[in-house]
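Asks: Dropping a structure here in C-alpha cells format, bear with me for questions.
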Amino acid sequence: MTIDTATSLDGQPVGADTDRPSIPRVYDYSLGGKDNYEVDRSAFERIRRIAPRQGDVHHMNRRWLARVVRSLAEGAAVQQFLDLGAGLPTRDPLHVVAQECGRKDVEVVYVDNDPLCVAHGRVMLERNENTHYLPGDLTDAAAILDDAGRYLNMREPIAVLLGAVLHHLDDDHDPAGVVSRYIELLPAGSYVAITHYCDPGPGDAELHELAGQLEKAHTGEEFGSGRYRSPQHIRELFGSLDLVEPGLTPLDEWWPQGPPVRTKAPEEHLILGGLGRKPGYGRIRAVGSENLSRSRTFSHR
C-alpha cells in the first residue's frame, strides 16, 4: 500500500503534528481515509483547485500497485515484497493482495520514516506472522535491506515497491542513485516497481504548464516535495534493470483490466509507472484480478 513519504518543508517527518500538512495524511484523505486532519484536507483541496481529479490520480496509483503485486505473486511466484514509503494503512492493503494471490506464507515488509505511519501500520497491518511494518529511511538501502533481512530471504527474489515516493526526493538526494543501490544489493530475479509524477515537456504545452503548476504547489506551497520529472528521467531511475513489457507507461495502460470508462483528465496523464527486473531467472505472466483466463506472458530482454 505504497503512498508518498512523510516529508515536510524541512525534510523531516511530520508525524502527529496537526499544524502542518503531512503527505501520508493528505494521501489518506484523497483515498477516502479517516487518518487526517483539517490542515491535510485544506492542503489537498488547494491542490484540487489546480487539478480537480488529483484524487483519481492517487486511486489510479493504488490500482496499478495492486495489479503489479498480483502479477508478481501469481505470474512470477514472487514470495517476498518490500514496500518503501508505505505510509498510512488504506483499504485493500497490498499484503492481502499478495497473500491471496500467492501462498499464505508470502512475506510482506512495509517501511516508512514517519513514526505515526509505523505505529498505525503495526496496529492495523501486522495481522499475521508474515506481515511486518518497520521504521526506516528509504534512501539508506543497506540499512533497509539489513533490517528487512530479518524477515526476507536475501538469496531469493524480492519485489521492491516504490509507488509515488521517488518524486518526493529532490535531485540532491539522487533518486537514481538510491534505486541503483537497491538494485546492486537485491538478489538476481528481483523486481523494482516505480510510479512517478511526470512532466511531458514543452512538446505538450497544456500538460507541461499543468505539471509546472502542480510541482510548484507541491514543493513550495503545501508539502515541500513533489517533483514532476521527464519521461526520460523517470526511465533512468530503473538503471540496469530490464523493463517488463509494456515498459514505462501511463498507469492505466499497464496491463489494464478493461477498456477506459471515461476520458482521462489532464492530471491523470501526469504520472508514469513501470516494473523492472534484475536479470536472473523466471518469467512473469500478467494476471487480471477478475479473470485469470486473460493471463499473458511477459518476455524479458
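The values are calculated or read from the model by the stated rules, or taken from the named source; none is laboratory data. Since this is a predicted model, take the numbers as computed values, not measurements. Counting neighbours? That spans all protein chains shown, and the Cβs are built from the backbone with ideal geometry, glycine included. Just the protein is used for accessible areas: all its heavy atoms, side chains included, with ligands, DNA and RNA removed. Shrake-Rupley method; radii C 1.70, N 1.55, O 1.52, S 1.80 Å.
Asks: For a bin width of 5 Å, list the pair-distance distribution of the range 129-287 built from all Cα-Cα distances, rounded to whole %.
Replies: Whole-percent P(r) values from 0 Å outward: 2, 8, 16, 19, 18, 16, 11, 7, 3, 0, 0.
Asks: Let me check something: with ligands and nucleic acids excluded, how do MET154, MET60 order by accessible area (1.4 Å probe), largest to smallest?
Replies: Of MET154, MET60, the descending order of accessible area is MET154, MET60.
Asks: Given a 1.4 angstrom probe, what's the average accessible area per residue across the chain, in square angstrom? All intermediate terms of the calculation are to be shown ahead of the outcome.
Replies: Values: 12710 Å² over 301 residues.
Accessible surface, normalised per residue, equals 42 Å².
Asks: Another one. Enumerate by residue number the chymotrypsin sites (Phe, Trp or Tyr not before Pro) in the range 27-81 meeting two conditions: DSSP loop (anything except H, G, I, E, B), and at most 15 other Cβ atoms within 10 Å of the site's Cβ.
Replies: Numbers: sites: TYR27, TYR29, TYR37, PHE44, TRP64, PHE81; in loops: TYR37.
Of the chymotrypsin sites (Phe, Trp or Tyr not before Pro), not one in the loops of the range 27-81 has a Cβ with at most 15 other Cβ atoms within 10 Å.
Asks: Protein chains only, probe 1.4 Å: how do ASP83, ASP105 rank by accessible area, largest first?
Replies: Result, largest first: ASP105, ASP83.
Asks: The chain: longest stretch without exposed GluC sites (Glu not before Pro) (DSSP loop, at most 10 other Cβ within 10 Å), sites themselves excluded?
Replies: My reading of the result: 130-289 is the longest stretch.
Asks: How about the range 106-186: which trypsin sites (Lys or Arg not before Pro) there lie in a loop by DSSP and see at most 11 other Cβ atoms within 10 Å?
Replies: ARG127, ARG150, ARG155
Asks: Pull up the cross-link candidates among the lysines for LYS216, meaning alpha carbon to alpha carbon under 23 Å and not fewer than 8 places away within one chain.
Replies: Of all the lysines, those that pass the test against LYS216 - Cα under 23 Å, at least 8 places apart if same chain - are LYS264.
Asks: Taking 7 Å along the Cα-to-C-beta vector as the label spot, tell me the ASP146-ILE50 distance in nanometres, rounded to one decimal.
Replies: Between ASP146 and ILE50, the label points sit 3.9 nm apart.
Asks: Find the all-direction average of the projected area of the Cα convex hull for the chain, expressing the result in square nanometres with one decimal place. Show your work: numbers first, answer last.
Replies: Details: hull surface 57.1 nm².
Computing the convex hull of the Cα atoms and averaging its projections yields 14.3 nm².
Asks: In whole percent, how big is the carbon plus sulfur part of the accessible area of the range 131-258, probe 1.4 Å, protein atoms only?
Replies: 46
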